[in-house]
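*Asks:* Dropping a structure here in C-alpha coordinates format, bear with me for questions.
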Amino acid sequence: MGARALASVTVTFGMVSIPVKLFAATQAQGAVSFNLLHATCGSRLKQQYVCAREGVIVERADMVKGYEFAKDQYVRFTPEELKEMEEKGTQTIEISEFVPADSIDPVYYDKAYFLGPDKGGAKAYALLAESMRQTHQTAVGRYAARGKQYIVQLRAVPGGIVMQQLLYKPEVRDISEVEVETAPVKENELALAKQLITQISSKTFDPMQYKDDVKERIEAAVQRKVAGQEIAISPEEPAATAQVIDLMDALRASLEKTAGKRAPSRRGRPKRRSASRRGRSPRS
(Lines give C-alpha, C1' and ligand atoms only; values in the text may rest on other atoms or scores of the structure.)
Protein backbone atom coordinates (compact mmCIF):
# COMPACT_ATOMS: atom_id res chain seq x y z
CA MET A 1 0.00 0.00 0.00
CA GLY A 2 1.42 3.36 -1.04
CA ALA A 3 1.87 6.31 1.27
CA ARG A 4 -1.07 8.67 1.65
CA ALA A 5 -0.43 12.34 0.90
CA LEU A 6 -1.00 14.80 3.72
CA ALA A 7 -1.46 17.80 1.44
CA SER A 8 -0.94 19.17 -2.05
CA VAL A 9 1.39 22.18 -2.15
CA THR A 10 3.39 24.18 -4.66
CA VAL A 11 7.13 24.79 -4.53
CA THR A 12 8.06 28.15 -6.06
CA PHE A 13 11.56 28.28 -7.51
CA GLY A 14 12.15 31.69 -9.09
CA MET A 15 9.41 31.90 -11.72
CA VAL A 16 9.01 28.12 -11.72
CA SER A 17 6.11 26.49 -9.88
CA ILE A 18 6.34 22.81 -8.98
CA PRO A 19 3.17 21.03 -7.83
CA VAL A 20 4.08 18.45 -5.19
CA LYS A 21 2.46 16.25 -2.61
CA LEU A 22 3.51 16.18 1.04
CA PHE A 23 4.03 12.84 2.79
CA ALA A 24 4.98 11.96 6.36
CA ALA A 25 8.55 10.68 6.55
CA THR A 26 8.22 9.05 9.96
CA GLN A 27 5.73 6.81 11.73
CA ALA A 28 4.44 7.44 15.25
CA GLN A 29 4.95 3.90 16.51
CA GLY A 30 8.24 4.15 18.32
CA ALA A 31 6.96 4.13 21.89
CA VAL A 32 4.59 1.90 23.81
CA SER A 33 1.97 3.99 25.61
CA PHE A 34 0.12 3.12 28.80
CA ASN A 35 -3.22 4.40 30.10
CA LEU A 36 -4.01 5.51 33.64
CA LEU A 37 -6.55 3.20 35.33
CA HIS A 38 -8.51 3.22 38.59
CA ALA A 39 -6.58 0.83 40.85
CA THR A 40 -9.75 -0.58 42.48
CA CYS A 41 -11.89 -1.39 39.42
CA GLY A 42 -9.47 -1.09 36.50
CA SER A 43 -11.51 1.47 34.56
CA ARG A 44 -9.74 4.09 32.48
CA LEU A 45 -9.46 7.55 34.05
CA LYS A 46 -10.62 10.76 32.40
CA GLN A 47 -8.70 14.01 32.59
CA GLN A 48 -10.38 16.92 34.33
CA TYR A 49 -9.45 20.54 34.89
CA VAL A 50 -9.79 22.04 38.34
CA CYS A 51 -9.93 25.76 39.15
CA ALA A 52 -6.88 26.64 41.22
CA ARG A 53 -8.83 29.24 43.22
CA GLU A 54 -12.26 27.67 43.75
CA GLY A 55 -11.22 24.01 43.64
CA VAL A 56 -14.15 23.05 41.39
CA ILE A 57 -14.10 21.04 38.16
CA VAL A 58 -14.36 23.30 35.11
CA GLU A 59 -16.15 22.06 31.99
CA ARG A 60 -14.60 22.73 28.59
CA ALA A 61 -17.46 25.08 27.67
CA ASP A 62 -16.40 27.37 30.53
CA MET A 63 -12.74 27.59 29.51
CA VAL A 64 -11.02 30.52 27.81
CA LYS A 65 -7.40 30.99 26.79
CA GLY A 66 -5.21 33.61 28.40
CA TYR A 67 -1.61 34.82 28.36
CA GLU A 68 0.23 35.40 31.66
CA PHE A 69 1.97 38.78 31.29
CA ALA A 70 2.78 39.05 35.01
CA LYS A 71 2.58 36.78 38.05
CA ASP A 72 -1.04 35.47 38.18
CA GLN A 73 -2.17 38.22 35.78
CA TYR A 74 -3.65 37.22 32.42
CA VAL A 75 -5.07 38.81 29.32
CA ARG A 76 -7.85 36.80 27.71
CA PHE A 77 -8.29 36.02 24.03
CA THR A 78 -11.44 34.91 22.27
CA PRO A 79 -11.33 32.10 19.66
CA GLU A 80 -11.91 34.72 16.98
CA GLU A 81 -8.94 36.80 18.16
CA LEU A 82 -6.69 33.75 18.21
CA LYS A 83 -7.85 32.83 14.71
CA GLU A 84 -7.01 36.34 13.49
CA MET A 85 -3.41 35.99 14.66
CA GLU A 86 -2.84 32.70 12.87
CA GLU A 87 -0.78 32.54 9.70
CA LYS A 88 -2.94 32.18 6.62
CA GLY A 89 -2.13 28.93 4.83
CA THR A 90 -1.05 29.51 1.22
CA GLN A 91 -0.19 25.90 0.36
CA THR A 92 3.08 27.22 -1.04
CA ILE A 93 6.70 26.44 -0.19
CA GLU A 94 8.52 29.59 -1.26
CA ILE A 95 12.25 29.04 -1.75
CA SER A 96 14.12 32.17 -0.66
CA GLU A 97 17.76 31.01 -0.99
CA PHE A 98 20.12 28.11 -1.60
CA VAL A 99 22.86 27.24 0.87
CA PRO A 100 25.57 24.54 1.01
CA ALA A 101 24.20 21.23 2.21
CA ASP A 102 26.57 21.10 5.19
CA SER A 103 25.98 24.69 6.33
CA ILE A 104 22.85 23.85 8.35
CA ASP A 105 23.66 22.34 11.72
CA PRO A 106 21.48 19.24 12.34
CA VAL A 107 20.61 20.71 15.75
CA TYR A 108 18.10 22.86 13.80
CA TYR A 109 16.34 19.80 12.35
CA ASP A 110 12.77 19.19 13.46
CA LYS A 111 10.18 17.07 11.59
CA ALA A 112 10.89 15.62 8.17
CA TYR A 113 8.51 15.12 5.24
CA PHE A 114 8.84 13.59 1.79
CA LEU A 115 7.91 15.58 -1.29
CA GLY A 116 6.66 13.77 -4.38
CA PRO A 117 5.73 15.30 -7.75
CA ASP A 118 2.06 15.99 -8.26
CA LYS A 119 0.27 15.83 -11.60
CA GLY A 120 2.21 17.80 -14.21
CA GLY A 121 5.19 18.47 -11.92
CA ALA A 122 7.49 15.51 -12.63
CA LYS A 123 9.90 17.32 -14.97
CA ALA A 124 10.31 20.45 -12.82
CA TYR A 125 10.62 18.26 -9.70
CA ALA A 126 13.41 16.22 -11.30
CA LEU A 127 15.15 19.40 -12.46
CA LEU A 128 15.18 20.91 -8.96
CA ALA A 129 16.40 17.67 -7.36
CA GLU A 130 19.20 17.11 -9.88
CA SER A 131 20.29 20.76 -9.74
CA MET A 132 20.68 20.56 -5.96
CA ARG A 133 22.58 17.27 -6.22
CA GLN A 134 25.11 18.55 -8.74
CA THR A 135 25.64 21.91 -7.00
CA HIS A 136 25.66 20.35 -3.48
CA GLN A 137 23.13 22.98 -2.41
CA THR A 138 19.91 22.81 -0.42
CA ALA A 139 16.94 25.15 -0.61
CA VAL A 140 15.68 27.19 2.34
CA GLY A 141 12.25 28.76 2.39
CA ARG A 142 8.97 29.23 4.26
CA TYR A 143 5.82 27.18 4.50
CA ALA A 144 2.57 28.09 6.26
CA ALA A 145 0.24 25.39 7.59
CA ARG A 146 -2.11 24.82 10.55
CA GLY A 147 -1.99 28.50 11.43
CA LYS A 148 1.80 28.58 11.81
CA GLN A 149 4.72 29.65 9.67
CA TYR A 150 7.64 27.27 9.29
CA ILE A 151 11.15 27.65 7.98
CA VAL A 152 12.01 24.60 5.88
CA GLN A 153 14.92 23.07 4.05
CA LEU A 154 14.54 21.10 0.82
CA ARG A 155 17.34 18.66 0.16
CA ALA A 156 17.82 16.12 -2.59
CA VAL A 157 18.22 12.51 -1.50
CA PRO A 158 18.41 9.31 -3.53
CA GLY A 159 14.94 8.90 -4.98
CA GLY A 160 13.51 12.35 -4.36
CA ILE A 161 13.34 15.44 -2.16
CA VAL A 162 12.99 15.73 1.61
CA MET A 163 11.41 18.76 3.26
CA GLN A 164 13.07 19.24 6.64
CA GLN A 165 11.21 21.49 9.04
CA LEU A 166 13.76 23.68 10.84
CA LEU A 167 13.73 25.33 14.23
CA TYR A 168 14.02 29.10 14.52
CA LYS A 169 17.15 30.54 16.08
CA PRO A 170 15.48 31.42 19.45
CA GLU A 171 14.39 27.78 19.75
CA VAL A 172 17.98 26.49 19.68
CA ARG A 173 20.27 27.05 22.64
CA ASP A 174 23.94 27.83 22.11
CA ILE A 175 26.55 25.34 23.26
CA SER A 176 28.38 28.22 24.90
CA GLU A 177 25.78 27.95 27.66
CA VAL A 178 27.37 24.62 28.60
CA GLU A 179 30.46 24.82 30.78
CA VAL A 180 33.16 22.84 28.97
CA GLU A 181 36.47 22.60 30.76
CA THR A 182 39.43 22.82 28.41
CA ALA A 183 42.01 20.05 28.60
CA PRO A 184 45.21 19.41 26.64
CA VAL A 185 45.25 16.50 24.17
CA LYS A 186 48.47 14.53 23.92
CA GLU A 187 49.71 13.29 20.56
CA ASN A 188 49.93 9.64 21.64
CA GLU A 189 46.40 9.76 23.03
CA LEU A 190 45.14 11.38 19.83
CA ALA A 191 46.85 8.73 17.71
CA LEU A 192 45.20 5.89 19.65
CA ALA A 193 41.80 7.62 19.57
CA LYS A 194 42.03 8.07 15.78
CA GLN A 195 43.06 4.45 15.42
CA LEU A 196 40.03 3.37 17.46
CA ILE A 197 37.72 5.53 15.32
CA THR A 198 39.16 3.98 12.14
CA GLN A 199 38.81 0.49 13.58
CA ILE A 200 35.08 0.81 14.30
CA SER A 201 34.15 3.02 11.34
CA SER A 202 31.64 2.08 8.64
CA LYS A 203 31.30 3.51 5.15
CA THR A 204 27.63 4.36 5.63
CA PHE A 205 25.04 4.49 8.40
CA ASP A 206 22.75 1.45 8.34
CA PRO A 207 19.71 2.02 10.58
CA MET A 208 18.78 -1.67 10.27
CA GLN A 209 21.67 -2.46 12.63
CA TYR A 210 19.85 -0.74 15.49
CA LYS A 211 16.63 -1.77 17.18
CA ASP A 212 14.61 -0.49 20.12
CA ASP A 213 15.45 -3.05 22.79
CA VAL A 214 13.30 -1.30 25.40
CA LYS A 215 10.22 -1.38 23.14
CA GLU A 216 10.71 -5.08 22.42
CA ARG A 217 11.19 -5.80 26.14
CA ILE A 218 7.99 -3.92 27.04
CA GLU A 219 5.96 -5.62 24.28
CA ALA A 220 7.16 -9.04 25.46
CA ALA A 221 6.21 -8.16 29.05
CA VAL A 222 2.76 -7.01 27.91
CA GLN A 223 2.18 -10.35 26.18
CA ARG A 224 3.21 -12.22 29.33
CA LYS A 225 0.79 -10.10 31.35
CA VAL A 226 -2.03 -10.77 28.88
CA ALA A 227 -1.29 -14.49 29.24
CA GLY A 228 -1.68 -14.18 33.01
CA GLN A 229 2.00 -14.35 33.89
CA GLU A 230 3.79 -12.12 36.37
CA ILE A 231 6.89 -10.05 35.63
CA ALA A 232 9.98 -11.01 37.59
CA ILE A 233 11.37 -7.98 39.41
CA SER A 234 15.15 -7.72 39.43
CA PRO A 235 16.88 -6.47 42.58
CA GLU A 236 17.81 -2.83 42.37
CA GLU A 237 21.47 -2.39 41.61
CA PRO A 238 23.50 0.34 43.30
CA ALA A 239 24.14 3.38 41.15
CA ALA A 240 27.44 3.19 39.31
CA THR A 241 30.04 5.70 40.35
CA ALA A 242 32.41 7.35 37.94
CA GLN A 243 35.89 5.88 38.07
CA VAL A 244 39.06 7.75 37.28
CA ILE A 245 40.92 5.61 34.74
CA ASP A 246 44.09 6.02 32.78
CA LEU A 247 43.11 7.31 29.34
CA MET A 248 45.89 5.47 27.50
CA ASP A 249 44.98 2.18 29.20
CA ALA A 250 41.33 2.66 28.28
CA LEU A 251 42.18 3.38 24.63
CA ARG A 252 44.46 0.35 24.37
CA ALA A 253 41.82 -1.88 25.97
CA SER A 254 39.20 -0.55 23.56
CA LEU A 255 41.41 -1.31 20.57
CA GLU A 256 42.03 -4.84 21.81
CA LYS A 257 38.32 -5.40 22.45
CA THR A 258 37.20 -4.22 19.00
CA ALA A 259 40.06 -5.84 17.06
CA GLY A 260 38.41 -9.25 17.08
CA LYS A 261 35.03 -7.88 15.98
CA ARG A 262 36.49 -6.13 12.94
CA ALA A 263 39.01 -8.81 11.96
CA PRO A 264 38.28 -10.06 8.41
CA SER A 265 37.37 -13.70 7.99
CA ARG A 266 40.11 -16.06 6.87
CA ARG A 267 37.62 -18.22 5.00
CA GLY A 268 38.40 -18.36 1.32
CA ARG A 269 41.94 -17.00 1.69
CA PRO A 270 44.63 -18.85 -0.33
CA LYS A 271 46.91 -21.05 1.74
CA ARG A 272 50.37 -19.67 2.45
CA ARG A 273 53.15 -21.39 0.61
CA SER A 274 55.77 -23.05 2.75
CA ALA A 275 59.20 -21.52 2.98
CA SER A 276 60.71 -24.45 1.07
CA ARG A 277 58.34 -23.87 -1.90
CA ARG A 278 59.40 -20.23 -2.02
CA GLY A 279 62.96 -21.35 -2.45
CA ARG A 280 64.00 -20.41 1.06
CA SER A 281 65.01 -22.75 3.86
CA PRO A 282 62.50 -23.00 6.69
CA ARG A 283 63.35 -21.33 9.94
CA SER A 284 64.17 -23.55 12.85
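The values are calculated or read from the model by the stated rules, or taken from the named source; none is laboratory data. Model, not experiment: these values are computed from the prediction. Ideal geometry is used to build each Cβ from the backbone, glycine not excepted, and the neighbour counts take in all protein chains shown. The accessibility values were calculated without ligands, DNA or RNA, using every heavy atom of the protein model including side chains. Shrake-Rupley method; radii C 1.70, N 1.55, O 1.52, S 1.80 Å.
*Asks:* Compute the accessible area per residue over the range 1-150, keeping the other protein chains in place, probe 1.4 Å, unit Å². Write down the numbers at each step before the final one.
*Replies:* Values: 11920 Å² over 150 residues.
Here the residues of the range 1-150 average 79 Å² of exposed surface.
*Asks:* Follow-up. Mind checking the angle between helix 213-226 and the chain's longest principal axis? C-alpha axes, 0 to 90 degrees, to the nearest 10.
*Replies:* That works out to roughly 70 degrees.
*Asks:* For volume of the Cα convex hull per residue in Å³, one of [x] 403; [y] 116; [z] 162 was computed from the structure I shared and the rest are decoys. Which label?
*Replies:* Given [x] 403; [y] 116; [z] 162, the calculated one carries the label [x].
*Asks:* Return the distance in nm (one decimal) between the two label points of a simple spin-label model at GLU80 and ASP246, each offset 7 Å from Cα along Cα→Cβ.
*Replies:* Each label point lies 7 Å from its Cα, and together they span 7.9 nm.
*Asks:* Still on this structure, I have one more. If CYS51, CYS41 are ordered by their accessible area, calculated over protein heavy atoms with a 1.4 Å probe, which sequence runs from highest to lowest?
*Replies:* CYS41, CYS51
*Asks:* Explain nothing, just the number: dipole magnitude of the range 44-130 about its Cα centre with +1 on each Lys and Arg Cβ and -1 on each Asp and Glu Cβ, in debye rounded to the nearest 20.
*Replies:* Charge dipole, the range 44-130, about its Cα centre: 520 debye, nearest 20.
*Asks:* Among the listed pairs LYS186/LYS257; LYS169/LYS194; LYS123/LYS203, which have their C-alpha atoms separated by more than 27 angstrom in this model?
*Replies:* Beyond 27 Å: LYS169/LYS194; LYS123/LYS203.
*Asks:* Between LYS203 and THR135, how high is the FRET efficiency from 1/(1 + (r/R0)^6) when r is the Cβ-Cβ distance and R₀ = 25 Å? Nearest 0.05.
*Replies:* Values: r = 24 Å, r/R0 = 0.97.
The formula returns an efficiency of 0.55 here.
*Asks:* Could you pull out the pairs from LYS119/LYS148; LYS46/LYS211; LYS46/LYS83; LYS71/LYS111; LYS148/LYS215 whose alpha carbons sit more than 31 Å apart here?
*Replies:* Beyond 31 Å between Cα atoms: LYS46/LYS211; LYS71/LYS111; LYS148/LYS215.
*Asks:* Work through the residues other than PHE77 whose Cβ is under 13 Å from its Cβ and net out their charges, Lys, Arg +1 and Asp, Glu -1.
*Replies:* Computed value for this residue: -2.
*Asks:* Relative to the longest principal Cα axis of the chain, at what angle does helix 247-262 sit, 0 to 90 degrees, rounded to 10?
*Replies:* 80 degrees
*Asks:* Could you size up the charge dipole of the chain around its Cα centre, putting +1 on the beta carbon of Lys and Arg and -1 on that of Asp and Glu, and report it in debye to the nearest 20?
*Replies:* 2780 debye
*Asks:* Continuing with the same structure: At ALA31 and ALA221, where each label point lies 7 Å from the Cα along Cα→Cβ, what is the point-to-point distance in nanometres?
*Replies:* 1.5 nm
*Asks:* Can I ask one more? Which longest run of the chain has no exposed loop site in it, a site being chymotrypsin sites (Phe, Trp or Tyr not before Pro) in a DSSP loop with at most 14 other beta carbons within 10 Å, and the site itself not part of the run?
*Replies:* It works out to 35-167.
*Asks:* Note down the relative contact order for the chain as a percent, whole number, built from C-alpha pairs under 8 angstrom at least six residues apart. Mind showing how you got there, number by number?
*Replies:* Working: 304 pairs, mean separation 44.0, N = 284.
Reported as a whole number, the value is 15 percent.
*Asks:* Once neighbouring chains are kept in place and the probe is 1.4 Å, which whole percent of the accessible area of the chain is contributed by carbon and sulfur?
*Replies:* Exposed carbon and sulfur together represent 54 percent of the surface.
*Asks:* Checking the a/c ratio against 1.5 first, then a/b against b/c, what shape does the Cα gyration tensor give for the range 89-240?
*Replies:* Working: a/c = 1.95, a/b = 1.34, b/c = 1.46.
Oblate, because a/c is 1.5 or more while a/b does not exceed b/c.
*Asks:* Give, as ranges by residue number, the residues of the range 82-122 whose backbone N falls under 18 Å from the point 7 Å along Cα→Cβ of ALA24.
*Replies:* The answer is 110-116.
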